[in-house]
Amino acid sequence: MGKLLREEEGHLVAKIEELLNPVTRELEITLVQALPKGRKMSDIIEKATELGVARILPVTTERVVSKMSERSVRSRHERWCRIAVSAAKQCGTPWLPVINPVMPLEEAVALCSDVGLCLVGTLLNDTRRLRDVLQSVDRQKTMSIVLVIGPEGDLAPSEVELLKQNGAIAVSFGELVLRVETAAIFGLGVLAYEFGQPGSGKGP
């Protein structure tokens, strides 16, 4: 912790008063989120930050409606980063999620083969219940999780199959059809509850 002393020639001068012990992030959660319509992505980033995610990857998919110019992509990315900073300050987390630039889903699937657990929420029939999957996980060995959430209308079957081929498990969030932002927050909330708040250093 520090104290702001003065401004000199456009620079801020501060005095360090206390060194805090770093908080160990025992579990890293990455949210791979297909771009939703409107300002829903901003809401997702805000809540994902509060829930302690380590990384957010906005992706384009076959059914993504939002089409953005390069300038619009940069502008939104800057706004998303500001939203994450504000959310982190509000909830007191010592961590800021890394927010990647928008990329095609095909470029993000490699993440699923490099983590302890990769989950893709989908409305397709060939899924397992999220609860059943989490009950079978060795939590002592699961240090990183990727959660993939599709766009309005769900991921295309070919996209779910591609994710499964790279190690993802297709899961159902229940019988109700959730909105995109609700599905993301629900999935992250369940993971935070089951594994302990990411970054808190506390178990469940």
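Would you pick out the residues in the stretch 121-159 that are farther than 29 Å from E26 by Cα, among the hydrophobic types (A, V, I, L, M, F, W, C) and crowded, with 21+ Cβ neighbours inside 10 Å?
First pass over the stretch 121-159, keeping only residues farther than 29 Å from E26 by Cα: 123-126, 151-159.
This time we only want the ones that are among the hydrophobic types (A, V, I, L, M, F, W, C), so: 123-124, 155-156.
The answer is L155, and nothing else.
Being in contact (Cβ under 8 Å) with a residue 24 or more places away in the chain, among the polar types (S, T, N, Q) and within 17 Å of D154 (Cβ to Cβ) is the requirement here; does T93 meet it?
When the stated conditions are applied, T93 does not pass them.
For the stretch 73-115, what are the residues that are within 29 Å of Q140 (Cβ to Cβ) and among the polar types (S, T, N, Q)?
Going residue by residue through the stretch 73-115, those that are within 29 Å of Q140 (Cβ to Cβ) are 88, 91-98, 100, 108-115.
Correct list: T93, N100, S113.
Inspect the stretch 45-56 for any residue being out of contact with any strand residue (DSSP E or B) (no Cβ under 6 Å at 6 or more places or on another chain), at pLDDT 90 or above, closer than 25 Å to R179 by Cβ and part of a loop (DSSP other than H, G, I, E, B) and give the result as yes or no.
Yes: one or more hits.
Is at least one residue of the stretch 85-100 hydrophobic (A, V, I, L, M, F, W, C) and in a loop (DSSP other than H, G, I, E, B)?
Yes - at least one qualifying residue is present in the stretch 85-100.
Determine whether A168 is under 11 Å from T122 (Cα atoms) and small (G, A, S).
It is false that A168 is under 11 Å from T122 (Cα atoms) and small (G, A, S).
Does at least one position in the stretch 187-201 carry a residue that is crowded, with 18+ Cβ neighbours inside 10 Å, on the phi > 0 side of the Ramachandran plot, within 16 Å of the chain's Cα centre (by Cα) and modelled with pLDDT under 95?
yes
The values are calculated or read from the model by the stated rules, or taken from the named source; none is laboratory data. Computed from a prediction, not measured in an experiment: that's the story for all the values here. Neighbour counts run over all protein chains shown; Cβ positions are idealised from the backbone, glycine included.
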